Amino acid sequence: MSILNRIRTILAGERYCSDEHLEGYHRIGQDVYVLEMELLDATEPHAKAIARAARCFQVMGDALLQDAREDDQKRSVASITHEQAEVLYGRIPDLMVAARQEAAFAGSARVSLPIRLGKRVESGHTCPLEHFIGLQRAADDLESLLSSKIQLARLEGDKFKESILLAEEARTRRRTGDSTVGRLTEGKKVPADLHEEAEESYWTALSSYLLVAQGLEDPSVLSHPARVSSVKSKLDSEDRWRITSESAKREIRRSGEWQIAERDLDEFWESHRLTQEEREYEATVENLLRSGDIVENGYWYCCPFQSCYRVVQGPVHVVGHTVKQHHAFVWEYGEDGARSHFIQVESFNRADSRQYCGDEDK
């Protein structure tokens, strides 16, 4: 591809995959295959579950970048697609290390099971059709990868109940996304909310298939209800204080700000659109709190006044991020419809006051 054409693809919101990038991703795929061969006779199910998760990330990454490999022209792909593939491939090396550690000594891998899908890259505008097709292909490839084991699992329904239920959810969600992509490929106009729904459907399908892959190797990783993506988190509660830190609630009450806080919380939850990534975050921190790997370390200074956490036994893995021991993190939910995101730092300053909206700002 000429320099001029590369510039054009950048201006068009696309990205050219260099030979070096593609070769590096190809080597990652080969390494995953070697790992699976190493673990064929392994007896530690956690090790096999981690290795299977690594294979899923590789399959998804390959599916997203398939258009960049199909012929000698090596077509450009949407920037969001390339960035998402990089995120997926980037998870693999740590998982390979963890799988080998777990195979050598059970319980030695510093990875919380089940492995979650993690960061979803968003375009900030209408999702490109090419990215939808990549997500569709990733869901298809994961379903093909797991289909034979799912069929065998049905013969032992009670043992693999959670995996089978998640597989059914994934299949249904994928079809929801497929219906939107079908309309787009036919040139039909699709409302923005259906674009968002299709993105969410594909991401939920991929998240579920990733969990299914691990559950088929080790059913125990899905045995806790809070670990299953189809189960609602506390975010789905109708309580306006659903994720507000208890220490924040005490200070709000002592400061006489209860009614102001209630007003802000009602306005916040009325406009906030929950995402699967947020649900995964809340489920993950609950598990890490139970295991003693993290402790609450204050709260965020503005609505919804959620807890901040410090890692006491680390590193820990939270929705695609690795947080070092003694470092702190929080999920910033964003105000007035702003995009939420994960924040990690060495430490947070204590919130001595709270920020409210409107004329009664503190």
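Scanning segment 74-126 for residues that are on the phi > 0 side of the Ramachandran plot and surrounded by fewer than 16 Cβ atoms within 10 Å (Cβ to Cβ) turns up G107, G124.
Among the residues of segment 301-319, those identified as open to solvent by 40 Å² or more (accessible area, probe 1.4 Å) and either touching a residue at least 40 places away in the same chain (Cβ under 8 Å) or within 16 Å of the chain's Cα centre (by Cα) (or both) are Y301, P315, H317.
Just give me the residues in segment 249-293 being basic (K, R) and outside any helix (DSSP H, G or I), in sequence order. Within segment 249-293, just R273 meets the criteria.
Evaluating T126 against the criteria (1) of a type in the set (S, T, Y); (2) closer than 28 Å to Q30 by Cα; (3) not in a helix (DSSP H, G or I) leaves one unmet condition, (2). Yes or no: segment 262-271 includes at least one residue that is hydroxyl-bearing (S, T, Y) and at pLDDT 90 or above. No, because not a single residue in segment 262-271 is hydroxyl-bearing (S, T, Y) and at pLDDT 90 or above.
The values are calculated or read from the model by the stated rules, or taken from the named source; none is laboratory data. Everything quoted here is computed from the prediction, not taken from an experiment. Virtual Cβ from ideal backbone geometry, glycine too; neighbours counted across all protein chains shown. Keep in mind that these areas ignore ligands, DNA and RNA; they rest on the heavy atoms of the full protein, side chains included. Shrake-Rupley method; radii C 1.70, N 1.55, O 1.52, S 1.80 Å.
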